[in-house]
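See below for the structure under consideration.
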Amino acid sequence: PTLRLIKTSADGTPLEGVTFRIAHVEDGTHYINRTTNSAGEIVVSDLEPGVFSVGETATLPNHILNPKEHHVELFPGKTSEIRLENDKRPNLIIYKHDADTGEPIPNTVFLVKAADGHSVNEAKTGPDGKAVLENLLPGVYEISEKSVPSPWLKDAPAQLVTLYPNRDHTAYFKNHKRPVIEIIKENAVTYERLAHVPFQIWYASNNTSTGEFNDLGVFYTDEDGRIELNG
C-alpha cells in the first residue's frame, strides 16, 4: 500500500516544508520522517498493511503546529489518503494617530505582553504610524505605550486584545499633543508688540497642598513680542 498525505493552510493553500513522523502503530519504534513538497504532499510507497500514526513535528513559522496524532489504515494494493490543515498565526497591527488632527505618529514604541504577563515583544511605528508584530500565537495580549515622541503626551490607555487563528487584529491608539503656552506682550495704548521683555516663568506643583513652585527660568519676548512655551 501507499500513503498519500496532503497538507494545506486553513485557506486551502498547499504548505511546503511541514515535517511529519509516520509510524506503523503495531511497531511504533520504527518510524520515518518526511517533509511536504511544493504541492504540500508526502507520498510513501511499499508500506506494510495496517494502521499508521501520522504526527506533525515541525511546521512553517507563520503557522501553528498541530500536535494531534492522526491514524490512517492502509490496505494491500491501495493508496490511502489523509488531508490535514494548519491554522495561520495571527498578526497584530497597531496604528498611532494624533487625537485632534488624525495625523500618523511615528517612532512610538509599544510593549506587547501575553495574558500571563510575560513580554512578547516591542513594536515601533513607522512614518505611517503603523507597527506590526507578526506570527503571534492566539490568545489575549495587553498593548501599552512604552515611549512617545515629543510633543505628544503618553496619554493613550493600554488595551487588551484577543487574537484568533487565521485572523489578523488591528488596534488603534490616539495621543494628544503637549499643551502650548503663548505669551504676547503689547503696548497698552497702541497694541504694538514689545520685543525683548523678560518674563520669569514658574510651574506650580499639581499637589496644591504643598504649595510647591518650580522656577523654569527667565524668557524674553521675540521680535514679534511673543514667547511660546511648549513641551
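The values are calculated or read from the model by the stated rules, or taken from the named source; none is laboratory data. No experiment lies behind these values; they were computed from the predicted model shown. Cβ: placed from backbone, ideal geometry, glycine included. Neighbour counts: every protein chain shown. We work out accessible area using only protein heavy atoms, side chains counted, and drop any ligands, DNA or RNA first. Shrake-Rupley method; radii C 1.70, N 1.55, O 1.52, S 1.80 Å.
Which residues' amide hydrogens lie under 5 Å from the amide hydrogen of Arg178, considering only partners 5 or more residues apart or on another chain, with H built in the peptide plane?
For Arg178, the qualifying residues are Trp152, Leu153.
At 1.4 Å probe size, what's the solvent-accessible area of Asp100? Round to the nearest 10 Å².
Asp100 has an accessible surface of roughly 120 Å² with all protein chains in place.
Could you go through region 57-64 in sequence order and give the Karplus-derived ³J(HN,Hα) for each residue, using 6.51 cos²θ - 1.76 cosθ + 1.60 with θ = phi - 60°, rounded to whole Hz, and x for Gly and Pro?
10, 7, 10, 6, x, 9, 10, 9
Which one, Thr13, Thr162, Leu92, projects farthest toward the positive side of the charge dipole computed for the chain from Cβ point charges (K/R +1, D/E -1)?
About the Cα centre, the residue reaching furthest to the positive side is Thr13.
When the accessible area of the chain is split by element with a 1.4 Å probe, what percent falls to carbon and sulfur?
The nonpolar share, carbon plus sulfur, comes to 49 percent.
What relative contact order, as a whole-number percentage, does the chain give when Cα pairs under 8 Å and 6 or more residues apart are counted?
15
Please state the relative contact order of region 92-210 as a whole percent: Cα pairs under 8 Å, 6+ residues apart?
25
For the charge dipole of the chain, defined by +1 on Lys and Arg C-beta atoms and -1 on Asp and Glu C-beta atoms about the Cα centroid, which residue among Gly102, Val197, Ser45 has the Cα displaced farthest towards the positive pole?
Of the candidates, Ser45 comes out farthest on the positive side.
Can you list the HN-Hα couplings for region 83-99, worked out from phi with the Karplus curve (6.51, -1.76, 1.60; θ = phi - 60°), rounded to whole Hz and with x for Gly and Pro?
Once rounded to whole Hz, the list reads 10, 10, 10, 10, 7, 7, 6, x, 9, 10, 10, 10, 10, 10, 9, 5, 5.
Let me spell out the model: positive unit charges on the Cβ of Lys and Arg, negative unit charges on the Cβ of Asp and Glu, origin at the Cα centre of the chain. What dipole size does that give, in debye rounded to 20?
Using only the charged Cβ atoms, the result is roughly 260 debye.
Considering Cα pairs under 8 angstrom that are at least six residues apart, work out the relative contact order of region 53-155 and quote it in whole percent.
Value for region 53-155: 24 percent.
Normalised radius of gyration for region 94-169, please: alpha carbon Rg relative to 2.2 N^0.38 Å, two decimal places. Please report the intermediate quantities before stating the final value.
On the way: Rg = 12.6 Å, N = 76, 2.2 N^0.38 = 11.4 Å.
Rounded to two decimals, the normalised Rg is 1.11.
If you take the square roots of the eigenvalues of the alpha-carbon gyration tensor of the chain and sort them as a ≥ b ≥ c, do you get rounded (a/c under 1.5), prolate (a/b over b/c) or oblate?
Prolate, because a/c is 1.5 or more and a/b exceeds b/c.
Under 5 Å between amide H atoms, partner at least 5 residues away or on a different chain: which partners does Val18 have, H built in plane at 1.01 Å?
Correct list: Thr36.
Heads up, I need the accessible area for Tyr191: 1.4 angstrom probe, whole protein in place, Å², nearest 10.
150
Give me the Kirkwood hydrodynamic radius of region 20-81, using the inverse of the mean 1/r over all pairs of distinct Cα atoms, in Å to one decimal.
Numbers: mean 1/r = 0.0793 Å⁻¹.
In region 20-81 this quantity evaluates to 12.6 Å.
Taking only protein heavy atoms and a 1.4 Å probe, what accessible area per residue, in Å², does region 1-146 have with all protein chains in place?
Averaged over the residues of region 1-146, the accessible area is 52 Å².
Quick one: what are the phi-derived ³J(HN,Hα) couplings along region 182-198, Karplus 6.51/-1.76/1.60 with θ = phi - 60°, whole Hz, x for glycine and proline?
Those phi angles translate into 10, 10, 10, 10, 10, 5, 5, 9, 8, 6, 5, 5, 10, 8, 6, 8, x Hz.
Under the rule of at least 5 residues apart or a separate chain, name every residue whose amide H is placed under 5 Å from the amide H of Leu74.
Gly50, Val51, Phe52
Just report the Cα centroid separation between region 8-25 and region 68-94, whole Å.
What the calculation gives is 5 Å, centre to centre.
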